[in-house]
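Everything below concerns the one structure shown next.
The values are calculated or read from the model by the stated rules, or taken from the named source; none is laboratory data. Values in this document were obtained by computation on a predicted structure and should not be read as measured data. Heads up, the Cβs are rebuilt from the backbone with ideal geometry, glycines too, and the neighbour counts pull from every protein chain shown.
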């Protein structure tokens, strides 16, 4: 079947990679796996948040029936195209296909090329995909043909420390950062599971032992063939930060790390796997990866957002870093850019602050902005104002005044000065970034869930209904140096730090009934 017998798949358009160079065609026999996500067809009852596992079963049973015809149609298409169905998971609305590049290109009416950027090689395509007309009612997105990076680490300045010389930048054990925000004593997160989404990297057991983490409390889960890498890379910094922040504030919680390829398919597959993981049953998810909304195909945004909506329906709060490149996301095009999935209305988006300490207590806290780096935040170009922000005086977008979803929702310490002391491959580092704030909040939820009568569930509406449980940050801004693009700190909400930083004791009392 040629492209003329097919229709364009809405939302599949990919742009030319901005900074990459084309180096040649993809070999015809290169093995490729794609993730086909089915369109949501759910009409489900509201979840009972105290029985998340029962809701997972209900959702799985409903979708097995609802997607039966769609899965069968895709399997028939795959057989005719010489492709293999390697996974059909109706709960995740996911069908995985595998086959050589030549057959994949013919099946989806596209051309794949090999591209390079900063020494990294990946497949890329430009334009839309094409599928048979009969599949259009079923398919939401086809991800994985183009495997350009789908996320950046929210990584700020990282300063090494050692025991033989003065620290170049003061740093605190993560547990001590939690104490600054009055995280409750006497609880450890025992019986809770925190999920971390990682698009690369790995962790070393020696680092876990060095900071007092039992390696048995950390589990690596492979997504789409990615594994816990034991060869040091830049992404290891992110993994170390995420694990050690969660364990530092909630030492009794299990941590499950979902390793996935850094691609839109890998990102979507990791999130959907964590949400629907009936074996590990995470009660809270932390994501420290993302990129500007414009870097995603609209179909990929819909797919990832639908997985995050599943998390909300199942009562699983998801905390996402808002970004470390200020309001422009480091893009010099005269516009502001917020990060996705931080802009999803189904997550708690996490911005960053800079702390000043006096006598081991917070004496001042402002918007994190060092000039080179600083908290992301702004108004979404994709998502409308959600219900929970209707009562908030959101600023107009600096991109023409659009009213949209405001980012972030909350904040926490993100500067490397007075930041987080993290062990990586035997070296002590002072780290920060909004990538530390997401696991910080996730750890707090693990502490709360240990004592709560039922899990806290989709947390964002509760936070907006109870802003007195947070402390607003009113000083500073997230504009790049010499730029007018960005937003100011303010109360009760701002596009740098959201509603503010946690009062851990107040949140704990409110959500546990104590």
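Here are the numbers for this structure:
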read-out	value
Condition met for residue 160 (modelled with pLDDT under 90, part of a strand (DSSP E or B), under 30 Å from residue 369 (Cβ atoms) and within 28 Å of the chain's Cα centre (by Cα))	yes
Residue match in region 280-300 (condition: on the phi > 0 side of the Ramachandran plot and in contact with a helix residue (DSSP H, G or I) (Cβ under 7 Å, 6 or more places away or on another chain))	yes
Residue 131 being touching a helix residue (DSSP H, G or I) at 6+ places or on another chain (Cβ under 7 Å), surrounded by 18 or more Cβ atoms within 10 Å (Cβ to Cβ), closer than 28 Å to residue 25 by Cα and modelled with pLDDT of 95 or more	yes
Pick from region 322-362, criterion part of a strand (DSSP E or B) and free of Cβ contacts under 8 Å to residues at least 60 places away in the same chain, ranking: nearest to residue 150 (Cα to Cα)	340
Subset tally (residues that are in a loop (DSSP other than H, G, I, E, B), in contact with a helix residue (DSSP H, G or I) (Cβ under 6 Å, 6 or more places away or on another chain) and surrounded by fewer than 24 Cβ atoms within 10 Å (Cβ to Cβ)) for region 453-502	4
Close pairs (6 angstrom Cβ cut-off, 6 or more residues apart or separate chains): assigned to a loop (DSSP other than H, G, I, E, B) in region 10-22, modelled with pLDDT under 90 anywhere	19/117; 20/117
Unique match (being farther than 25 Å from residue 514 by Cα, at pLDDT 95 or above and in the same structural domain as residue 355 (by TED's automatic domain parsing)) among 430, 414	414
Selection status of residue 319, assigned by TED's automatic domain parsing to the domain that holds residue 498, crowded, with 20+ Cβ neighbours inside 10 Å and outside any loop (DSSP other than H, G, I, E, B)	yes
All positions within region 283-313 that are outside any helix (DSSP H, G or I) and either buried (at least 24 other Cβ atoms within 10 Å of the Cβ) or under 15 Å from the mean Cα position of the chain (by Cα) (or both)	283, 284, 285, 286, 287, 288, 289, 290, 291, 292, 296
Number of the exception - residue 267 against (1) outside any loop (DSSP other than H, G, I, E, B); (2) within 16 Å of the chain's Cα centre (by Cα); (3) more than 30 Å from residue 332 (Cα to Cα)	(3)
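Okay, residues lined up against (1) surrounded by 15 or more Cβ atoms within 10 Å (Cβ to Cβ); (2) modelled with pLDDT under 95; (3) assigned to a loop (DSSP other than H, G, I, E, B):
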position: 44; (1), (2), (3): no, yes, yes
position: 102; (1), (2), (3): yes, no, no
position: 111; (1), (2), (3): no, no, yes
position: 141; (1), (2), (3): yes, no, no
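Listed here are the residues, each with its yes/no results for (1) in the same structural domain as residue 90 (by TED's automatic domain parsing); (2) modelled with pLDDT of 95 or more; (3) surrounded by 23 or more Cβ atoms within 10 Å (Cβ to Cβ); (4) within 25 Å of the chain's Cα centre (by Cα).
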{"site": "169", "(1), (2), (3), (4)": "no, no, no, no"}
{"site": "191", "(1), (2), (3), (4)": "no, yes, no, yes"}
{"site": "195", "(1), (2), (3), (4)": "no, yes, yes, yes"}
{"site": "209", "(1), (2), (3), (4)": "no, yes, no, no"}
{"site": "214", "(1), (2), (3), (4)": "no, yes, no, no"}
